[in-house]
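What follows is one structure encoded as structure tokens, with my remarks underneath.
The values are calculated or read from the model by the stated rules, or taken from the named source; none is laboratory data. Just so we're clear, the structure is a prediction, and the values are computed from it rather than from any experiment. Positions of Cβ are backbone-derived with ideal geometry, glycine not excepted, and every protein chain shown enters the neighbour counts.
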Amino acid sequence: MDDNAHVSLHPVLASKLTEAEAATIAPSTRRDVRLPAIRNKVHSVIGMRRSGKTTFLQQLCAERRAAAPPECSLYLSFDDERLGVLEVQQLSLLLEEHYRRHPHLRGQRMVTWLLDEIQLVPGWERFVRRILDSERVEVVVSGSSAKMLSREVHTSLRGRGIETEIHPFGFREHLRHRGTEPERMPRRWTSADRSRVEKAFRTFLTEGGFPEAQGLDASVRIPLLQGYVETVMFRDVIERHGITQVAALRWLIRHCLRNPARLLSVHGLVNDLRAQGHAVGKDTVHAMVAHLQDAFLFTAVPLATDSVRRQNSNPRRIFPVDHGLISAFDASGRSNLGHHLEVVVHAELRRRRAEVAYVRNEDDTEVDFLVRQPGAEEELIQVCADVGDPETLARELRALESARREHPRANCRLLLGEHTDLRHEVGDVIVQSIPEWMLEPGST
């Protein structure tokens, strides 16, 4: 007997289905993100809260509708108190109702289902896996609960899911949001173009990339960003993992945001926490850092080495998901500009889906990033706020040259906070401003 025979589709879901077909999707800033072109996979759109996942799903819906009738692309959000706790069979009833309304679609046309906050329906994974095998559908899911974190989705979909991470705006998206994205590539910029871009980059450094924070005065922006972090802390870490040492967790978050891009070891964090009166063990701090990474608040960049033991025994560099969070938690203004810029560069490398490590040379110099990307050459990147001092330039170039002895196939790049009169290359080291690098062709 059909399990759905004596169950009716929830009236709110029926109404949402009707509204989804008729919905006019408001225009929004286009994101430089694309779903991988892989069939028969559940596309899971993940990322920190408020980074733009819902807007991205709506943009996908609009894109699909440009090439097919509206009934072939449906965006539905399950974040609605009228739905209560739905049973998973309601999803089957929803699918059947749609085909009942449009029988010509079944087996003939691809139907894209964009399901936001789907984690609110227990057992949704089984439904999605089943319809991938039995129907002609594309499924994209997203949500803000800890259950939609990367590790959770990978486990629940049992190899059927493929992830696309949404980050806060990069610099190009920041400019596009304001309608000032350059039409010319950096090498063809006029002096006026360059001045406009550099002014905009200073604004980007201040505001960060969270979409809702764009254009806000500091008096509004800072509490907004602090609220994002509090929500992540309580909903994605404390509630999800049953953390009881809330004060210690809060101190850890603030410490990492106030010390961006710096080397932090668990041993050092434990000592600092105990000095602040928080009695926590090493295993607890390890777990807290891992939970914060799972919630996309931080990334811990390891030492570049083929030795797993050496990598695990060395401190990692902690990078916030967005540089806007730095000033939101460091009112003193003491944050090092060079470290601030490193956070910007690291976030851009993450958008480019690069594998990143830092390099410590035999002469005790360091290079900020060793970058590996599929289909691209290995690259060593050093970030510096200003090389106006010849000694500073010599030091940065010396570190790159030392690192290349260990990584001889790597290209070398020196990224600066602002435009420089240096030649585009110093020896074989590419020298660029960070805005130019972020806007160069092929950077999306």
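Note on the stretch 280-312: residues that are touching a strand residue (DSSP E or B) at 6+ places or on another chain (Cβ under 7 Å) and among the aromatic types (Phe, Trp, Tyr) amount to 1. Return a yes/no flag: does the stretch 215-235 have any residue that is in contact with a His (Cβ under 8 Å, 6 or more places away or on another chain) and either without any contact (Cβ under 8 Å) to a residue 60 or more places away in the chain or closer than 26 Å to residue 142 by Cβ (or both). Within the stretch 215-235 (the criterion being in contact with a His (Cβ under 8 Å, 6 or more places away or on another chain) and either without any contact (Cβ under 8 Å) to a residue 60 or more places away in the chain or closer than 26 Å to residue 142 by Cβ (or both)), the answer is no, since none of the residues qualifies.
If the condition is being within 23 Å of residue 11 (Cα to Cα) and either in contact with a Cys (Cβ under 6 Å, 6 or more places away or on another chain) or outside any loop (DSSP other than H, G, I, E, B) (or both), then the stretch 62-78 contributes 70, 71, 72, 73, 74, 75, 76, 77. Contact map, the stretch 406-433: first residue closer than 23 Å to residue 364 by Cα and among the acidic types (Asp, Glu), second residue at pLDDT 90 or above and part of a strand (DSSP E or B), Cβ cut-off under 7 Å, separation 6 or more or different chains; pairs are 428/412. Could you please let me know if residue 285 is surrounded by 14 or more Cβ atoms within 10 Å (Cβ to Cβ), in the same structural domain as residue 228 (by TED's automatic domain parsing), at negative phi and not acidic (Asp, Glu)? Yes.
Here residue 227 fulfils each of the conditions (1) at pLDDT 95 or above; (2) touching a strand residue (DSSP E or B) at 6+ places or on another chain (Cβ under 8 Å) apart from (2). A Cβ distance below 6 Å, combined with a sequence gap of six or more or placement on separate chains, defines the contacts here; from the stretch 243-263, residues that are within 17 Å of residue 345 (Cα to Cα) reach residues that are among the acidic types (Asp, Glu) and crowded, with 22+ Cβ neighbours inside 10 Å in the pairs 261/342. Could you tell me which residue of the stretch 388-429 is modelled with the lowest pLDDT, considering only residues that are surrounded by fewer than 16 Cβ atoms within 10 Å (Cβ to Cβ) and of a type in the set (A, V, I, L, M)? Of everything passing the filter in the stretch 388-429, 422 is modelled with the lowest pLDDT. Just to be sure before I move on: is residue 153 modelled with pLDDT under 95, out of contact with any Ser or Thr (no Cβ under 8 Å at 6 or more places or on another chain) and not polar (S, T, N, Q) in the structure I sent? Considered against the rule, which asks whether it is modelled with pLDDT under 95, out of contact with any Ser or Thr (no Cβ under 8 Å at 6 or more places or on another chain) and not polar (S, T, N, Q), residue 153 comes out as no. Hey, can you tell me all the residues within the stretch 185-215 that are under 21 Å from the mean Cα position of the chain (by Cα), assigned to a loop (DSSP other than H, G, I, E, B) and of a type outside the set (Phe, Trp, Tyr)? Scanning the stretch 185-215 gives 208, 209, 214, 215.
The set of residues in the stretch 13-34 that are among the aliphatic types (A, V, I, L, M), part of a loop (DSSP other than H, G, I, E, B) and touching a helix residue (DSSP H, G or I) at 6+ places or on another chain (Cβ under 7 Å) comprises 25, 33.
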